[in-house]
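Every read-out reported here was derived from the displayed coordinates using simple, explicitly stated rules and does not represent laboratory data. Computed from a predicted structure; not experimentally measured. All Cβ positions, even for glycine, are placed from backbone atoms using ideal geometry, and neighbour counts span all protein chains on display.
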Amino acid sequence: MTVTVEEIGKHLGMTIEDSMGRPAGKFVGLTADVRDEVTAIQVSRHSGEVDQYSIAFVRIIDGRPVLLQTWRVEAEDLRREHDVIKRRTQALDLLFKDGDIDQLEYNQVRGNYEDLNKEINQKRDGLLDALKSVEEKLDQQIKDLQAALTNNKMLYTASEITQEIYQNVTESIRGGLELARKERKDVDNTREFLQGIDILETPKTQISSAPVNHVPDVVVIRMKEPLET
C-alpha cells in the first residue's frame, strides 16, 4: 500500500492508535523516498523511547493512521496471496478443461502456483506458532484484569477504598478487559483462517470419448425359407 507524505504528514504530532483503539504513542516523524512515498514512521512512547515502524504496519482508517500488530499484517498478506493463487489456479483449471491450453503448458504454470502455495503454507505454519505467544499473553492479561476486578471489589466491600475510586478503577479495568477479549477473538478468527489454507488440490480431469460401434467378429446371415406351393 502506497502512502504519501501529504496523506499522513498532517497527523504529525498527534497520538497514533493501534487497531484496537489503544494509544500507541505520539507520531513524531516519517521517512520518505524521492517519490514522496512514506517508507517508515517514528512513534514516541510514553517512556520517551522512539520506535520506527515500516509503512507496511500502518493503515489509513477513517482518514487517520492506525498502527497494526505484526501478526495482523502477516495474516493480511497471506490472505491476499492465497486468494490470488486460488483464483488464478481455478482459472487455469478451467482453461485446461475447455482445451484452451495444452497439457505441457498447464503442468508448467500449475507447478509454479503449487510451489508458491507451498511457500504460503510455510509462512502460515510460522505465523501459527507466533500466534501461540500472542494467545498466551492475552490469556494472562485477561486473567490479571479479572483478578484486579475481584480484588478491587473486595477492597471496596471492606471499605478500604472509596466508591469514587472503585468506580473509576473498575471502569478502566473493564475497558481493558473488553479490548483484550475482542483482540483474543480476532486471534481465534485469524487462526481459524490460517488453518483453512491447504495445499492446492490437483483436479481430476476426465477424458470423454465418443461411443464406438464395434463390429462383431462373426456375422450370421439368416436365409428366408422359400414359401411352399
| remark: Amide H contacts under 5 Å for LEU30, restricted to residues at least 5 apart in sequence or on another chain and with H modeled in the peptide plane, are GLN42
| query | Nearest 0.05, what FRET efficiency do HIS46 and ASP77 give at R0 = 45 Å with Cβ-Cβ as r? | reply | 0.90
| What residue among ILE61, ILE41, ILE142 shows peak mean-square fluctuation when the chain is described by a Gaussian network model with Cα springs under 10 Å? | ILE61
| request: For the range 1-99, give the magnitude of the charge dipole about the Cα centre (Cβ charges: +1 Lys/Arg, -1 Asp/Glu; no others), in debye to the nearest 20. | output: 220 debye
| Per q in 0.10, 0.11, 0.12, 0.15 1/Å, what log10 I(q)/I(0) does a Debye calculation on the alpha-carbon atoms of the range 1-85 return? | -0.25, -0.30, -0.36, -0.55
| field | Contour excess over end-to-end distance, with Cα ends at THR4 and SER54 and 0.36 nm allotted per residue | value | 16.7 nm
| request: Could you pull the Cα extents of the chain along its three principal axes, largest to smallest, in whole Å? | output: 133, 58, 30
| Which far-off residues, 5 or more places away or on another chain, put their amide H under 5 Å from the one on ILE16, with H placed in the peptide plane? | ALA24, GLY25, LYS26, PHE27
| field | Charge dipole magnitude, Cβ of K and R +1, D and E -1 - the range 37-155, Cα centre, debye nearest 20 | value | 580 debye
| task | Report, ordered by chain and residue number, the lysines lying within cross-link reach of LYS97, taken as a straight Cα distance under 18 Å and ignoring same-chain residues fewer than 8 apart. | result | LYS86, LYS204
| Once you put a point 7 Å from the Cα of GLU171 and another 7 Å from the Cα of THR39, both along the Cβ direction, what distance in nm separates them? | 4.6 nm
| Using 0.36 nm per residue, how much length does the chain from ILE61 to GLU119 gain when fully extended, once their Cα-Cα distance is taken away? | 17.9 nm
| said: Compute the angle between helix 163-195 and the longest alpha-carbon principal axis of the chain, please, reported from 0 to 90 degrees and rounded to the nearest 10. | reply: 20 degrees
| Cβ-based charge dipole, the chain, positive-most Cα from ILE61, GLY126, LEU138 | LEU138
| Between the helical axis of 103-157 and the dominant principal axis of the chain, each derived from Cα atoms, what acute angle in degrees is found, rounded to the nearest 10? | 30 degrees
| request: Please report, in Å, the Rg and the Dmax of the range 71-195, where both are computed over Cα atoms only. | output: 24.6, 82
| request: Quote the charge dipole size of the chain about the Cα centre in Debye, to the nearest 20; the model charges only the Cβ of Lys and Arg (+1) and of Asp and Glu (-1). | output: 520 debye
| query | Calculated FRET efficiency, THR162 and MET20, Cβ-Cβ r, R0 30 Å, to nearest 0.05? | reply | 0.50
| note | Length gained if LEU155 through LYS137 is fully extended, taking 0.36 nm per residue and subtracting the Cα-Cα distance, is 3.8 nm
| note | Here the longest stretch of the chain that holds no GluC sites (Glu not before Pro) in a DSSP loop having at most 15 other beta carbon atoms within 10 Å is 50-159
